[in-house]
Amino acid sequence: MKTAKQNRVIIFDTTLRDGEQCPGASLNQREKIEIAQQLARLNVDVIEAGFPIASPDDFCSVKAIAATIKGPRIAGLARCLNKDIERCAEAVTPAGKRARIHVFLATSKIHRDFKLRKDKAEILKQATTAVRYARTFCEDVEFSPEDATRTERDYLAEVVRAVIDAGAATVNIPDTVGYTVPMEFGALIGYLFEHVPNIGKAVINVHCHNDLGLAVANTLAALAAGARGVECTINGIGERAGNCAIEELVMALHTRHDILGLTTDIHTQELYRSSRLVSRLTGMVVQRNKAIVGANAFAHEAGIHQDGILKERSTYEIMRPQDIGIDGSELVLGKHSGRHAFADRLTKMGFTLKPEELDHAYRRFIDLADKKKNVYDDDILAIARDEMEGDFAGFGAYQLDYLHVSTGTSTIPTATVRLRKGKDVIQDAACGDGPVDASLKTIDRITGVQGKLLEYAIQAVTIGKDAQGEVSMRVAFGDDVVSGKAASTDIVQASATAYLNCVNRVLMSRALGKKK
Ligand code: KIV
Ligand code: ZN
């Protein structure tokens with residue numbers, strides 16, 4: 001088991017658990033495995049793969065990740081309840097010695113009084129009992145006192161001591177509501193190191209939320225005070241304002257090693273690719289000015305800066321784009337590129353498509369290359385993502401066979417849609433407030449399920465007027481809320497396909513008796 005050496009920081013990635021919890025970021029199992037593979041290439045120490053009791057989907061994804069991913073430890077989350085711990089243990093077991101059970105229970109007064117209605121002694125007992133029970137399944141058990149930063153310090157120290165005695169090898173100190181500030185958080189970690197006699201027997205992790213925009217700063221303060229494990233997510237995605245962003249934290253440690261004196265085992269050249277993959281698969285757009293991975297992070301606009309950079313890069317650049325994997329030589333493919341070059345590019349980008357998906361993706365690529373002069377990595381990423389998005393293996397999914405819209409300044413927008421489902425071909429037409437509305441209404445008429453569009457976003461995949469538009473949406477079908485994405489140079493087609501992915505997802509989960 002990897003333990004914290006004095007100056008080595010353990011990177012615990014929770015993109016697939018806390019990150020996936022953020023609204024609109026839901027991922028299917030294939031997408032989760034794809035991200036887990038990339039996290040393994042990034043060389044994180046621990047992947048928190050999900051919350052197995054939360055849904056059958058979560059359980060299956062954690063189990064599949066535990067069975068397939070080599071390298072990092074695989075953790076699953078559980079409340080301090082036997083049924084949660086048992087389900088979690090079953091899901092992480094395929095990881096063998098690399099399995100971890102992460103149990104959590106709130107300790108702050110506000111959570112004790114209002115959420116749990118339990119006193120301090122009851123919480124302490126439940127926490128230690130759960131850690132002991134988890135240890136019967138797995139050697140590697142982590143405990144998190146939820147809302148630690150709003151917990152009485154002396155009581156928090158008592159809980160930390162007790163769970164270490166009960167067998168927790170890692171104790172995580174979460175700033176669950178992103179309330180703390182660096183000076184205070186550093187002091188809290190320092191206090192625990194002073195007042196918990198057995199603290200040397202465990203690794204102290206920290207888990208900071210970004211409600212005040214301080215997640216990375218708080219994490220750095222905790223590291224300076226002795227914490228050696230960091231819980232973070234790619235692009236900082238997560239509940240509400242998100243979690244500590246892995247790329248920001250790692251590059252801060254890397255760039256300011258002179259001051260911070262700490263290292264990680266992260267392959268920093270994989271950071272950019274990880275960011276793009278997570279952004280594409282979750283549909284969560286990375287803001288242009290986001291540190292490290294935003295489109296402007298290495299762009300110099302001001303003339304004085306450009307002049308300085310040309311004379312000597314370090315005048316205005318504290319990191320090299322190459323350090324995070326931007327090599328500036330993105331391979332461009334065109335319609336004369338063969339199947340082999342296309343497949344090779346996909347593999348280099350980390351995608352593993354099934355042979356029939358590869359055939360379909362290649363046909364789409366040729367089609368796209370016919371419409372567009374240059375096909376960039378981001379175009380290929382969008383095509384590969386679409387293949388996985390539309391993977392409703394074994395389920396008779398609807399497929400878009402034909403779409404015709406008529407629209408204009410003085411026409412009532414009308415759509416004709418033909419869908420294929422197995423051998424059945426069904427066609428219908430409807431009018432709407434615009435071409436997208438007309439298309440989605442027609443799909444509703446054909447499938448018989450009425451969706452309510454909650455969120456709709458469109459983004460150009462690359463630069464240029466001929467760029468593919470990537471549509472992400474969240475749709476409610478009664479109580480079921482699902483997300484779908486699709487890309488095309490025709491944005492009405494992308495909208496219809498994304499919507500159809502939502503319809504298929506909800507019908508499949510209803511057919512399997514699952515709730516998404
Ligand atoms: O923010 C939090 O407290 C959590 C715990 C489950 C670790 O995510
Ligand atoms: Zn959290």
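The values are calculated or read from the model by the stated rules, or taken from the named source; none is laboratory data. In this text the structure is predicted, and so the values were computed from the model without any measurement. Cβ coordinates were reconstructed from backbone atoms using ideal geometry, including for glycine residues, and neighbour counts include every protein chain displayed. Please note that ligands, DNA and RNA were not included when accessible areas were found on the heavy atoms of the full protein model with its side chains. Shrake-Rupley method; radii C 1.70, N 1.55, O 1.52, S 1.80 Å.
General remarks:
- R288 vs. criteria open to solvent by 20 Å² or more (accessible area, probe 1.4 Å), at pLDDT below 95 and within 16 Å of ligand 2 (Cβ to nearest atom): no
Rundown of residues vs (1) of a type in the set (V, I, T); (2) open to solvent by less than 50 Å² (accessible area, probe 1.4 Å), yes/no style:
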| residue | (1), (2) |
| --- | --- |
| R420 | no, no |
| D444 | no, yes |
| Y456 | no, no |
| D466 | no, no |
| V481 | yes, no |
| N501 | no, yes |
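- Region 164-182: number of residues that are within 29 Å of the chain's Cα centre (by Cα) and more than 16 Å from ligand 2 (Cβ to nearest atom): 4
- Residues that are within 16 Å of ligand 1 (Cβ to nearest atom) and hydrophobic (A, V, I, L, M, F, W, C) were ranked within region 207-223; the one that is farthest from I292 (Cα to Cα) is A222.
- Set G261, G226, G236: member being away from ligand 1 (no atom under 16 Å from the Cβ) and free of Cβ contacts under 8 Å to residues at least 60 places away in the same chain: G226
- Hits in region 242-259 (condition: outside any helix (DSSP H, G or I) and within 14 Å of the chain's Cα centre (by Cα)): G242, N243, C244, A245
- Only one entry of E86, E31, E90 meets the criterion of being more than 16 Å from ligand 2 (Cβ to nearest atom), in contact (Cβ under 8 Å) with a residue 60 or more places away in the chain, assigned by TED's automatic domain parsing to the domain that holds V203 and not aliphatic (A, V, I, L, M), and that entry is E31.
- The single condition from (1) in contact with a Pro (Cβ under 7 Å, 6 or more places away or on another chain); (2) of a type outside the set (D, E, K, R); (3) open to solvent by 70 Å² or more (accessible area, probe 1.4 Å) that A438 fails is (3).
- Restricted to region 291-321, and to residues there that are open to solvent by 90 Å² or more (accessible area, probe 1.4 Å) and part of a helix (DSSP H, G or I), the residue that is modelled with the lowest pLDDT is I304.
Rundown of residues vs (1) open to solvent by 10 Å² or more (accessible area, probe 1.4 Å); (2) among the polar types (S, T, N, Q), yes/no style:
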| site | (1), (2) |
| --- | --- |
| A168 | no, no |
| N172 | no, yes |
| T176 | yes, yes |
| P182 | yes, no |
| I204 | no, no |
| G213 | yes, no |
| V216 | yes, no |
| A222 | no, no |
